[in-house]
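Written below as structure tokens is the structure these notes are about.
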Amino acid sequence: MRIACVLLNHLPLKLELQRDQNLANRQVVIFERHGSQRTVLDTSPVIQQVRRGMPLQEAQTRCKDAALIEADMPRYQQAFNSVLLRLGEWSPDIESGELGCAYVGLDGLEETYGSEERLIDALLQAVPRYLEPRLGISHGKFPAYLAALRAEPGRAYKPPLGVKQFMAPFPVEVLPMPWEVKARLRSFGLDTLGKITELSLGPLQAQFGPAGTRMWHLAQGRDDTPLIPRRPEENLSSTIAFPVPTANIEPLLMALDHLLARLFSQPEMRGRYARVALLEGQVVRKPAWQKRIVFKVPVGERNRAYFVLKCAVADIVLPGPLEDIRLTLRELTGESGRQESLFRDVRRRDQLRQTVAQLKVAQGKNPIYQVRETEPWSRIPERQRVLVTYEP
Amino acid sequence: MVKDTRTPAGAGDIRALNQPHPLAVKTGDGEGPAALRLRSRWVTVEAVVDRWRIDDEWWREQPISRMYYECAVDQGLRVTVFQDLASYKWSLQRA
């Protein structure tokens, strides 16, 4: 499949520069928190010795004078989502990679747009100019990504026919692997993709396991991972700005009540239910605050939603004064009411189905399993039964 | 050719059940275990209530060959353990 990789290099940095132009003359390191750990998310281009994923402590020893900024992930994600929406106007096959990287399926679109060049121009025009998009075109996601790295800002690049030779000079830092794996590769003297291809598969597998297999195939220019189009999500959101930034819960609850009234009165919400509510707020001089609330039962009316949100935020401690609050209702269902069955066992199955659906939304996967017999005749106990995810 | 469902590959939907767990065991003069290390303490085996052997999957590189013991430990609790006859390692498992 021919794939175009749309790359927005240093997206977090560009968004921070948009917020504070004084940062343009300084070296900047943007970090994000994972529990108690802090790792580098992005840096100014002039900082060569610090890489994404590096522990912040190590980055600070290599770049002592850099300004440290905590990542505002909701803002970066929102900007990236709006770019994905615009790309989606040109192709139905859009996959979101990591932040700032999107893959677009090109197959079958030449006839619609006249030529591939026209489509590529349209994709470049779809991205705001200040983000300086780069486009790479190849067969497979990883080669397309490397082609995008080679492209000039605002331009597209197609590698020549010998993809393996094109990829050989790239450093191992381009591999989609954890930072620790790349550091180990360097310690073995494997600092380019070309050096990886000089080895056979066996030694890499022995040293790195499944990651070794994957990096060997990628270095050869073979990436068979399919393009998984993102599912368009229907959300409804509304924002209200506080006249004075506040860290108290009472104004927040009043704002939520007002936002719920606004959202549930919209025609798109008529007769529908929401499973998830997302609260986002800009905090004074700090990264944005975010809270995700999953409704135990999908809610279709304002008072019930307010009750659940009130319970969820009653005991929270805000990280600072909020300038505004944005409420988004997500995972909207198409139900127009709760029609229950006359038969008890059918009702029970429907209830179970709803509960499993809610758990999937809350936890990301189905946590309910049931025991199934596989080889009950086997004398080996662990062969007799397995746990299978429960689908009512 | 099977159509690609685009679902990420993984064994997450099926989990093994009743897997054996390595166990520290003291043996005595007789056959079978004399003491088992359960929940970070040593528990004396009062009696070996039953024993049996399984030999299976002979066609594999590592065939299954185990000697099982159903042991009565303190206050009548029954615990099933086995010794792998190839590696001589002990494991805890419900039979």
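The values are calculated or read from the model by the stated rules, or taken from the named source; none is laboratory data. Everything numeric in this text was worked out from a predicted model, so none of it was measured. Virtual Cβ from ideal backbone geometry, glycine too; neighbours counted across all protein chains shown. All accessible areas refer to the heavy atoms of the entire protein, side chains included, with ligands and DNA or RNA removed. Shrake-Rupley method; radii C 1.70, N 1.55, O 1.52, S 1.80 Å.
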Q | Distance histogram for chain B (every C-alpha pair counted, 5 angstrom bins, percent rounded to whole numbers) | A | 3, 11, 19, 20, 13, 9, 8, 6, 4, 3, 3, 1, 0
Q: May I ask you to derive the FRET efficiency for A:Tyr390 and B:Arg94 from their Cβ-Cβ distance with R0 = 35 Å, giving the value to the nearest 0.05?
A: 0.95
Q | Computed helical MRE - 222 nm, chain A, DSSP H runs ≥ 4 contributing -39500 (n - 2.57), nearest 500 | A | -10500 deg cm²/dmol
**Q.** Mean accessible surface per residue for chain A, computed with a 1.4 Å probe while every protein chain stays in place, in Å²
**A.** 55
**Q.** Most positive-pole-ward Cα, A:Pro169, A:Gly212, A:Pro159, against dipole of region A:153-214 from beta carbon charges
**A.** A:Pro159
Q: Would you be so kind as to identify which of A:His258, A:Pro298, A:Leu387 lies farthest towards the positive end of the dipole of region A:235-392, taking Lys and Arg as +1 and Asp and Glu as -1 on Cβ and the Cα centre as origin?
A: A:Leu387
Q | Pairwise centroid distance, computed over Cα atoms, of region A:14-80 with region A:81-118, Å | A | 28
Q: Evaluate E = 1/(1 + (r/R0)^6) for B:Glu61 and A:Arg379, where r is the Cβ-Cβ distance and R0 equals 25 Å; express this FRET efficiency to the nearest 0.05.
A: 0.80
Q) Placing +1 at every Lys and Arg Cβ and -1 at every Asp and Glu Cβ, with all other atoms neutral, what dipole size does chain A have around its Cα centre, in debye to the nearest 20? A) 860
Q) What relative contact order, as a whole-number percentage, does region A:340-392 give when Cα pairs under 8 Å and 6 or more residues apart are counted? A) 30
Q.
Solvent-accessible area of A:Asp315, probe 1.4 Å, all protein chains present, reported in Å² to the nearest ten, please.
A. 140
Q. Is there a simple number for the mean count of other chain Cβ atoms within 10 Å of the Cβ of residues in B:78-87, and what is it?
A. 0
Q: Can you send over the carbon and sulfur percentage of the accessible area for chain A, probe radius 1.4 Å, protein chains only?
A: 49
Q.
Taking beta carbons within 10 Å but only from partner chains, what does the mean come to for residues A:372-378?
A. 1
Q: Would you please calculate the Kirkwood hydrodynamic radius of region A:2-157 over all C-alpha pairs and express it in Å, rounded to one decimal?
A: 16.5
**Q.** Relative contact order, percent, chain A [alpha-carbon distance under 8 Å, six or more residues apart]
**A.** 13
Q.
How large is the accessible surface of A:Ile249 in square angstrom, using a 1.4 angstrom probe and rounding to the nearest 10?
A. 30
Q | Pairwise burial B:A, computed as accessible area of each alone minus the pair, summed, 1.4 Å, Å² | A | 1600
Q: Of the DSSP beta bridges with both residues in the protein assembly as shown, give the percent that are antiparallel, rounding to the nearest 5.
A: 95
Q: Report, largest value first, the span of the C-alpha coordinates of region A:164-219 along each principal axis, in whole Å.
A: 26, 21, 19
Q. About the Cα centre of region B:21-92, what is the dipole size in debye to 20, counting +1 per Lys and Arg Cβ and -1 per Asp and Glu Cβ, all else neutral?
A. 340
Q: For region A:106-208, give the magnitude of the charge dipole about the Cα centre (Cβ charges: +1 Lys/Arg, -1 Asp/Glu; no others), in debye to the nearest 20.
A: 380
Q) Counting only other chains, what is the mean number of Cβ atoms within 10 angstrom of the Cβ of each residue in peptide A:380-391? A) 5
(Q) Take A:Phe188 and B:Arg53, extend 7 Å from each Cα along the Cα→Cβ direction, and tell me the distance between the two endpoints in nm. (A) 4.5
